[in-house]
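Trainee: Would you mind keeping the following structure in view while I ask a few things?
The values are calculated or read from the model by the stated rules, or taken from the named source; none is laboratory data. Because the structure is a prediction, the values reported are computed rather than measured. Using ideal geometry, Cβ is built from the backbone for each residue, glycine included, and neighbour counts are taken over all protein chains shown. These area figures cover heavy atoms from the full protein model, side chains too; ligands, DNA and RNA do not enter into them. Shrake-Rupley method; radii C 1.70, N 1.55, O 1.52, S 1.80 Å.
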Amino acid sequence: MHKKEIEQTLVLIKPDALKNSLTGYVLSQLSEFHTGLRFAGAKIVHVSRMLAEEHYAEHRGKVFYPSLIEYIMGLLHYPDAPERRRVIALVYQGQDAVKKMRDICGPTNPHVAREKKPGCIRALGTVVPLKDAEGNDIGERMDNLIHASAANDEAEREIKLWFRPGDFSPFMRSYITEVNKEDHYYFREGRLYIKHEPGSVCLIAPGDVVWKSDFDTLRSLKQGLPAASSLAAVAAKYLINYTAEN
Ligand code: CDP
Ligand code: MG
């Protein structure tokens with residue numbers, strides 16, 4: 001962050017909140033009146049598998065991970081209605097934005113939230129048992145209505161994963177940007193190209209304003225060098241709402 005006074009955090013209103021018509025309630029709990037924080041960015045996202053997997057990369061390999069991915073993609077709450085599979089992605093900013101949002105969300109587990117912090121948003125969530133193919137209990141999934149970044153470095157990674165600089169007013173960009181003065185960058189099936197290939201998508205064109213860290217990653221990958229983040233972590237954002245394919 002290069003402007004200390006505008007700490008930002010990512011909030012996701014998850015598919016169970018939409019399904020249970022709790023969106024308005026959640027938004028009013030997060031209002032400036034209650035939190036002292038302001039909107040910096042907002043979008044309605046049909047979550048692709050690539051975006052879901054990048055967002056929850058730290059949980060890869062855990063027993064609840066496959067179910068968590070299906071949950072955030074809206075597959076569990078809207079199995080027969082792809083058009084209703086949405087997450088509302090929001091960026092809030094202000095002093096202590098990360099901590100304030102985590103406090104109002106409450107503990108991860110809705111049972112714990114009800115016991116320790118009645119009144120917090122996650123106290124309205126549910127816990128769903130997870131079973132293996134034979135029907136044995138293997139763990140739990142926590143449908144807790146809302147995500148909020150847990151720390152400042154997590155907020156930066158997550159905001160850059162879900163939002164481009166152009167999604168923010170120029171006064172509300174917290175991270176360093178750069179104007180692409182070089183190549184076009186195209187993406188297809190997990191690979192980067194600097195020339196258009198049939199079926200590829202243009203991620204960045206000359207003149208586009210991009211997060212400097214994304215640009216550094218693309219430049220390194222172009223030269224075959226190790227990069228700070230994966231190509232998928234950069235590309236997922238540019239493919240948000242691009243196709244209905246999951
Ligand atoms: O969201 P938060 O940072 O509080 O928790 P996390 O440990 O980073 O887990 C991310 C999300 O995975 C949670 O919000 C839950 O929806 C889900 N989760 C789960 O389903 N079962 C668990 N045992 C832990 C987390
Ligand atoms: Mg977390």
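Trainee: When only DSSP loop residues count, what GluC sites (Glu not before Pro) in region 139-236 have their Cβ near at most 11 other Cβ atoms within 10 Å?
Mentor: When the GluC sites (Glu not before Pro) of region 139-236 are filtered for loop state and at most 11 Cβ neighbours within 10 Å, Glu189 remain.
Trainee: I would also like to ask the following. Which order do Met172, Met73 take by accessible area at a 1.4 Å probe, largest first?
Mentor: Met172, Met73
Trainee: Over the chain, what is the relative contact order in whole percent, taking alpha-carbon pairs under 8 Å and six or more residues apart?
Mentor: 23 percent
Trainee: Further, regarding this structure: Please state the charge dipole magnitude for the chain, taken about the Cα centre, from unit charges on C-beta atoms (+1 on K and R, -1 on D and E), reported in debye and rounded to the nearest 20.
Mentor: 400 debye
Trainee: What is the distance, in nm, between label points placed 7 Å from the Cα along the Cα-to-Cβ direction at Ala57 and at His196?
Mentor: Each label point lies 7 Å from its Cα, and together they span 3.0 nm.
Trainee: For every helix of n ≥ 4 consecutive DSSP H residues, a contribution of -39,500 (n - 2.57) applies; sum these over the chain, divide by its total residues, and give [θ] at 222 nm rounded to the nearest 500 deg cm²/dmol.
Mentor: Result for the chain: -8000 deg cm²/dmol, rounded to the nearest 500.
Trainee: Set the bar at 32 Å for Cα to Cα. Now go through Lys14/Lys195; Lys100/Lys237; Lys43/Lys181; Lys62/Lys195; Lys62/Lys116 and name every pair that lies beyond it.
Mentor: Distance filter (> 32 Å) returns Lys14/Lys195; Lys62/Lys195.
Trainee: While we're here: For Arg86, Arg122, what's the largest-to-smallest order of accessible area, 1.4 Å probe?
Mentor: I get Arg86, Arg122, largest accessible area first.
Trainee: Right, another one. Using a 1.4 angstrom probe on heavy atoms only, work out the carbon and sulfur share of the accessible area of region 172-239 in %.
Mentor: 54 percent
Trainee: Rounded, prolate or oblate: which fits region 66-133 when a ≥ b ≥ c are the square roots of the eigenvalues of the alpha-carbon gyration tensor, with rounded for a/c under 1.5 and prolate only if a/b beats b/c?
Mentor: Oblate.
Trainee: Take Ala151 and Glu134, extend 7 Å from each Cα along the Cα→Cβ direction, and tell me the distance between the two endpoints in nm.
Mentor: About 3.9 nm separates the two model spin labels.
Trainee: Here is a further query. Can you work out the accessible area per residue across region 3-172, with the rest of the protein chains kept in place, probe 1.4 Å, in square angstrom?
Mentor: Per residue, region 3-172 has 48 Å² of solvent-accessible surface.
Trainee: For region 105-183, report the translational diffusion coefficient in µm²/s to the nearest whole number, using Stokes-Einstein at 20 °C, 1.002 mPa s, and a Kirkwood Rh over Cα pairs.
Mentor: Translational D for this selection: 135 µm²/s.
Trainee: Over region 177-238, what is the relative contact order in percent, taking alpha-carbon pairs closer than 8 angstrom and at least six residues apart?
Mentor: Relative contact order here is 33 percent.
Trainee: While we're looking at this one, here's another question. Rounded if a/c is under 1.5, else prolate if a/b is larger than b/c, else oblate: which is region 149-229, with a ≥ b ≥ c the root eigenvalues of its Cα gyration tensor?
Mentor: Verdict is prolate for region 149-229.
Trainee: Right, next: Using protein chains only and a probe of 1.4 angstrom, how many square angstrom of Trp211 are accessible, to the nearest 10?
Mentor: The accessible area of Trp211 comes to roughly 0 Å².
Trainee: From largest to smallest, what semi-axes in whole angstrom does the chain give when each is the square root of 5 times an eigenvalue of its alpha carbon gyration tensor?
Mentor: 31, 23, 15
Trainee: Given axes a ≥ b ≥ c from the Cα gyration tensor, I'd like to know whether region 1-132 is rounded (a/c under 1.5), prolate (a/b larger than b/c) or oblate.
Mentor: Verdict is prolate for region 1-132.
Trainee: So if I take the centroid of the Cα atoms in region 191-216 and the same for region 109-137, what is the distance between those two points in Å?
Mentor: 41 Å
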